[in-house]
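Read the structure below first, then the notes.
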Amino acid sequence: MTASPIDPTGELRGLAADCVHCGFCLPACPTYQLWGEEMDSPRGRIHLITQLLDGAQASETAAEHLDRCLGCMACVPACPSGVRYDRLIEAARSWQEEPQAAPAPVPPRSARARAARAAIFATFPYPRRLRLLTGPLRLAQRTGLNQRIGRSPLAERLAPELVASLRVAPAPGTGQHRLAPGRVPADGPRRAVVGLLTGCVQQVFFPGVNEATARLLSAEGCDVVIPAGQGCCGALSRHSGRVAEAARFARRTIAAFEAADVDVIVVNSAGCGSAMKEYGELFRAAGTGSPAGGDWPARAARTASKVRDLSEYLAELAADDDGPRGARHPLPVTVAYHDACHLGFAQRIRQPPRDLLLAIPGLRLAELADGGTCCGSAGVYNLLEPGAAGELSARKAAAVLATGAPLVASANPGCSLQIASALAKAGAERPPAVVHIAEVLDASLRGLPVSTLTGTHQRHG
């Protein structure tokens, strides 16, 4: 069979051929759970991608099935054949998002859809730009304008992405103190020099998470370096098929951490950590050899090998030292733990966060009865597909409320925003507070009362 212009090496066809159509992925897929449609399952999408590789031209309806995928990766560990669905769906998304050497097998997006995506990706990966929008956002929340826009059928029809962003935006006062570039010294004998990714949404809306992360690592004997100019890691772009843009962001991040000369790069955002661990694959997918004289694929692989999720690294340190160095004070509270998809499925890190929480005296862990289904955030999915995202977040809120826990912990800022919004919409008299696992561990480390967690994260715009 002749090579496809969109798959000149035949790699994608080989990946698609690994699927044996067993259907194990179906019950794991959130969109299949919602609608029960074969084409909204990984198996159906792989069949569609195979047809496109064979030269078929997708209709708008077919392209919509690809867009409806959350990219949560729940199907990847569920697959007994080890199909790399993640690489297939990211390649398929790039056919619409990236310039192609041959005519794209999917129809172009509407002018309105292109404008909405352009606005999203001109804002969210840029912390300074995102920070500039917080002033108007706070004003809209204080005056109730955001609620009036949210209830407007006209706004919902003309600008659903704007309405969705206002719904998930945190309330005033959520984040005020940003962790500045510099170095936080180790508390006691130094064990490692650790770089900290401050993120985009994380540093703007949840700067306290970065502060808590730095304190936890310092207590475990790590010098914590916050490199200046690290910028966006490229996760949002990569997961949306904007490969060249993701590579551009990644080059800046790689250079920043190389200059910092750290032993390990700790990431407290699940989506960012997943993307950074795949930097080697990113540069191969981008076809990026050596721009500006740098051996970027090799540099990307070296950086990726240093990346650890916060819970992953804290567990490694505890194992090396027969438990955490920093004493844990009691926190008598029940915590519902939400598995962020790009931590539990993409990085396969599920037990370390639970072990860290259970090591806190007095803390009780409540498991959600939804099997770890995606909350609907999924990068910018909740802005682009607000209907499906809303259905999933409502299910997540119901699962959280069923535990009766006053606190729900996550490891991803997008999940925190989505779940907090859904809990507020659910109408509970006292909705659980949504926090990052780093904040729970930090409260225990510092001997803070439970009220510091349940009292400062309740409000939502």
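Around the amide H of residue 335, modelled in the peptide plane, lie the amide H atoms of 364, 365, 366, all under 5 Å away and 5 or more residues distant in sequence or on another chain. Database remark: amide H of residue 450 closer than 5 angstrom to no amide H (H placed geometrically; neighbours at sequence offset of 5 or more, or on other chains; Pro and chain starts carry no H). Simple point charges give the picture: +1 on the Cβ of Lys and Arg, -1 on the Cβ of Asp and Glu, and for segment 111-168 a dipole about the Cα centre of about 120 debye.
Between residue 10 and 4, the built amide H atoms are under 5 Å apart, and every one of these is 5 or more places off in sequence or on another chain. Spin-label model, residue 327/residue 258: points 7 Å from Cα along the beta carbon direction are separated by 4.5 nm.
When peptides 54-66, 402-414 are sorted by average Cβ neighbour count within 10 Å, with the highest value leading, the order is 402-414, 54-66. Treating each Cα of the chain as one equal point scatterer and applying the Debye formula with no solvent, the log10 of I(q)/I(0) at q = 0.07 Å⁻¹ comes out as -0.34. Shown in residue order for segment 191-202 are the 3J(HN,Hα) couplings computed by the Karplus curve 6.51 cos²θ - 1.76 cosθ + 1.60 at θ = phi - 60°: 9, 6, 10, 10, x, 10, 7, 8, x, 9, 4, 4 Hz (x for Gly and Pro).
In sequence order, segment 405-416 has phi-based couplings of 6, x, 9, 10, 10, 10, 10, 8, x, x, 4, 4 Hz under the Karplus curve 6.51 cos²θ - 1.76 cosθ + 1.60, θ = phi - 60°, and Gly or Pro positions carry x. Each peptide in 299-312, 12-25, 75-88, 266-279 receives the mean, over its residues, of other Cβ atoms within 10 Å, and ordering these scores from highest gives 266-279, 299-312, 75-88, 12-25.
Counting only DSSP H runs of at least 4 residues, each contributing -39500 (n - 2.57), and dividing by the residue count of the chain, the helix-based mean residue ellipticity at 222 nm comes to -15000 deg cm²/dmol.
Projecting the Cα positions of 164, 232, 303 onto the charge dipole of the chain (unit charges on Cβ atoms of Lys, Arg, Asp and Glu, taken about the Cα centre) puts 164 furthest along the positive direction. Descending by average beta-carbon neighbour count within 10 Å, the peptides 344-356, 184-196 line up as 344-356, 184-196, the highest first.
FYI, it's all coordinate maths here, none of it is from the lab. If you're wondering where the values come from, they're calculated on a predicted model, not measured in any experiment. Note: ideal-geometry Cβ built from the backbone for every residue, glycine included; neighbour counts use all protein chains shown.
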